[in-house]
Amino acid sequence: MRTTVGIIGAGPAGLLLARLLHNAGIDSVVLESRDRAYVERRQRAGILEQGTADVLRAAGAGERMDREGLRHDGIELRFDRTRHRVDFPGLTGGRSVMVYAQTEVCKDLIALQLREGGPLLFEAEALAVEDAGTDTPRVRFRHEGREDVLECSYVVGCDGFWGVARKAIPAGLTQVFERTYPFGWLGILADVPPSHDELVYARHDRGFALLSMRSPAVSRLYLQVPEGTDPGAWADEEIWDELERRFETADDWYLQRGPITQKSVTPMRSFVHEPMRHGRLFLAGDAAHIVPPTGAKGLNLAAGDVVTFARALVHRQETGSPELLDAYSQTCLRRVWQAERFSYDMTTLLHRAPGATPFEDRLQLARLERIASSRAAETDLAEAYTGFPFG
Ligand SMILES: Cc1cc2nc3c(=O)[nH]c(=O)nc-3n(C[C@H](O)[C@H](O)[C@H](O)COP(=O)(O)OP(=O)(O)OC[C@H]3O[C@@H](n4cnc5c(N)ncnc54)[C@H](O)[C@@H]3O)c2cc1C
């Protein structure tokens with residue numbers, strides 16, 4: 001098999017890239033190790049920055065998002081039983097975010113790709129990227145029980161944190177920056193209307209909690225739990241009791257309970273692999289960087305990377321100049337590090353580290369008070385949350 005761009009992974013990064021290339025008249029092949037049902041059901045991100053939503057629309061993949069997604073103009077910060085709303089459009093000159101689940105983004109992009117785009121092979125596992133440093137990189141993969149080779153002009157590793165693409169960059173050329181956190185998120189999906197119409201980020205002495213939603217009828221809620229927690233160890237009523245405690249307010253707000261349909265624990269990690277390019281191999285999305293989910297940035301970074309790659313390749317084809325492809329890693333990393341900083345800040349602002357001292361607790365509250373009382377501090381949060389510019 002031969003193609004211009006070999007894409008490993010059909011998560012949001014790989015699927016959006018395939019769509020952008022198709023629209024630009026550039027052929028690609030997508031290899032995805034899992035089956036379609038698995039990719040379409042994997043519960044993960046839910047917040048699209050304004051720039052990500054705009055890119056999906058421009059790519060012809062925003063029709064259902066605009067019909068079913070929920071535009072959000074703010075979030076609520078909750079601490080010390082008080083509530084503070086951050087008004088995004090008022091602070092950023094009109095920007096907002098879209099609540100539309102990653103599962104739905106993937107479903108829309110898969111349907112488009114199968115209908116209009118190039119090959120998208122499910123249950124096709126990339127085994128290795130070979131000759132990455134040359135003009136003729138190849139992906140060795142296994143599909144339907146046999147091994148095959150995809151010859152490419154470019155390979156883009158969109159295969160997530162556990163993928164194979166990153167391993168093709170020689171260790172001697174690589175620098176890794178990493179931090180793990182001593183806690184994770186116990187996330188639930190529940191068939192109950194959200195108890196608030198915007199996301200609620202709660203800082204509590206017992207730990208962080210997040211109220212989010214997938215639709216007007218389905219809530220998504222998270223609790224900070226110790227690293228390595230078994231989700232099965234939490235009974236449903238225990239989860240609701242704990243959420244209720246952490247969301248407590250001085251007014252008459254209350255949390256609606258409903259049947260829990262899914263439970264899982266997500267570890268928290270910050271990770272950046274530099275560079276994001278080696279020869280004709282490019283890394284995009286979680287293959288190159290991970291952020292803790294507190295800032296809702298992972299999917300949005302993935303979108304930014306593939307937009308940057310697609311623009312650079314179109315520029316190369318139209319002008320013959322490789323300058324944008326050559327600058328890919330630096331261009332993406334500038335945005336990546338801003339998202340790393342913001343995600344780290346939000347995580348340390350809202351989570352209670354094991355063994356946190358009373359001094360540290362007071363500092364957290366002082367930082368939250370500062371956001372609630374200073375337009376400059378609040379604007380900084382709103383600008384970062386609604387998204388850094390692409391490219
Ligand atoms: C609980 C949770 C909540 C989150 N909330 C948010 C949020 O609100 N906002 C946000 O922006 N981000 C959020 N994120 C992060 C976001 O989900 C990820 O950043 C996003 O999925 C990255 O997309 P990706 O395409 O780079 O990688 P992935 O989604 O991981 O996709 C990689 C794909 O590659 C495939 N693959 C792997 N290895 C191979 C191989 N060898 N061969 C072929 N295919 C392979 C995988 O099966 C997968 O389909 C959240 C994450 C979690 C876990």
query = In region 263-306, which residues are closer than 30 Å to G172 by Cβ and either of a type in the set (S, T, N, Q) or assigned to a helix (DSSP H, G or I) (or both)?
reply = S270, G285, D286, A287, G298, L301, A302, G304, D305, V306
request  = From G94, G25, grab the single residue that is in a loop (DSSP other than H, G, I, E, B), more than 15 Å from the ligand (Cβ to nearest atom), without any contact (Cβ under 8 Å) to a residue 12 or more places away in the chain and over 30 Å from L381 (Cα atoms).
outcome  = G25
request  = Read through the list (1) of a type outside the set (A, V, I, L, M); (2) over 30 Å from A124 (Cα atoms); (3) touching a Phe, Trp or Tyr at 6+ places or on another chain (Cβ under 6 Å), then give the number of the only condition that G187 fails.
outcome  = (2)
key: Subset tally (residues that are surrounded by 13 or more Cβ atoms within 10 Å (Cβ to Cβ) and either over 20 Å from R34 (Cα atoms) or among the basic types (K, R) (or both)) for region 128-150   = 8
request  = Considering (1) crowded, with 16+ Cβ neighbours inside 10 Å; (2) among the aromatic types (F, W, Y); (3) within 12 Å of the ligand (Cβ to nearest atom), say which one F79 fails and leave the rest.
outcome  = (3)
message = Regarding region 50-60, can at least one residue be identified that is near the ligand (Cβ under 7 Å from one of its atoms), of a type in the set (V, I, T), buried (at least 16 other Cβ atoms within 10 Å of the Cβ) and within 20 Å of the chain's Cα centre (by Cα)?
response = no
request  = May I ask you to list the residues in region 122-159 that are small (G, A, S) and within 14 Å of the ligand (Cβ to nearest atom)?
outcome  = A124, A126, A128, G157
request  = Determine whether region 320-330 contains at least one residue that is buried (at least 19 other Cβ atoms within 10 Å of the Cβ), out of contact with any Pro (no Cβ under 8 Å at 6 or more places or on another chain) and not in a helix (DSSP H, G or I).
outcome  = no
Residues being touching a Gly at 6+ places or on another chain (Cβ under 7 Å) and either assigned to a loop (DSSP other than H, G, I, E, B) or surrounded by fewer than 17 Cβ atoms within 10 Å (Cβ to Cβ) (or both) - total across region 331-351 = 1
message = Cβ-Cβ distance below 8 Å, separation of 6 or more or different chains: which pairs start in region 292-317 with a residue that is under 30 Å from V225 (Cα atoms) and within 10 Å of the ligand (Cβ to nearest atom) and end on one that is among the polar types (S, T, N, Q) and not in a helix (DSSP H, G or I)?
response = P292/S270; P293/T266
key: Test set (1) hydrophobic (A, V, I, L, M, F, W, C); (2) free of Cβ contacts under 8 Å to residues at least 40 places away in the same chain; (3) within 14 Å of the ligand (Cβ to nearest atom) - L114 fails condition number   = (3)
query = Out of region 28-49, which residues are of a type outside the set (A, V, I, L, M, F, W, C), outside any helix (DSSP H, G or I) and more than 6 Å from the ligand (Cβ to nearest atom)?
reply = S28, D35, R42, Q43, E49
task = Kindly list, by first and then second residue, each pair from a residue in region 339-354 that is in contact (Cβ under 8 Å) with a residue 24 or more places away in the chain and polar (S, T, N, Q) to a residue that is crowded, with 17+ Cβ neighbours inside 10 Å and assigned to a helix (DSSP H, G or I), limited to pairs with Cβ atoms under 7 Å and residues at least 6 apart or on different chains.
result = S343/T294; S343/G295; T347/T294
task = Enumerate the pairs (first residue in region 128-154 and free of Cβ contacts under 8 Å to residues at least 60 places away in the same chain; second residue anywhere and of a type in the set (G, A, S) and exposed (fewer than 15 other Cβ atoms within 10 Å of the Cβ)) with beta-carbon separation below 8 Å, excluding pairs fewer than 6 apart on the same chain, so at least 6 apart or on different chains.
result = R140/A128
Residues satisfying the stated conditions in region 74-130, i.e. touching a Gly at 6+ places or on another chain (Cβ under 6 Å) and of a type in the set (F, W, Y) = F88, Y100
ask   = Just a yes or no: is a residue in region 343-359 closer than 30 Å to R81 by Cα, among the β-branched types (V, I, T), modelled with pLDDT of 95 or more and in contact with a Ser or Thr (Cβ under 6 Å, 6 or more places away or on another chain)?
value = yes
ask   = Which ones in region 367-391 are surrounded by fewer than 16 Cβ atoms within 10 Å (Cβ to Cβ) and of a type in the set (D, E)?
value = E369, D380
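The values are calculated or read from the model by the stated rules, or taken from the named source; none is laboratory data. Everything numeric here is computed off the predicted structure, so don't read it as measured data. Positions of Cβ are backbone-derived with ideal geometry, glycine not excepted, and every protein chain shown enters the neighbour counts.
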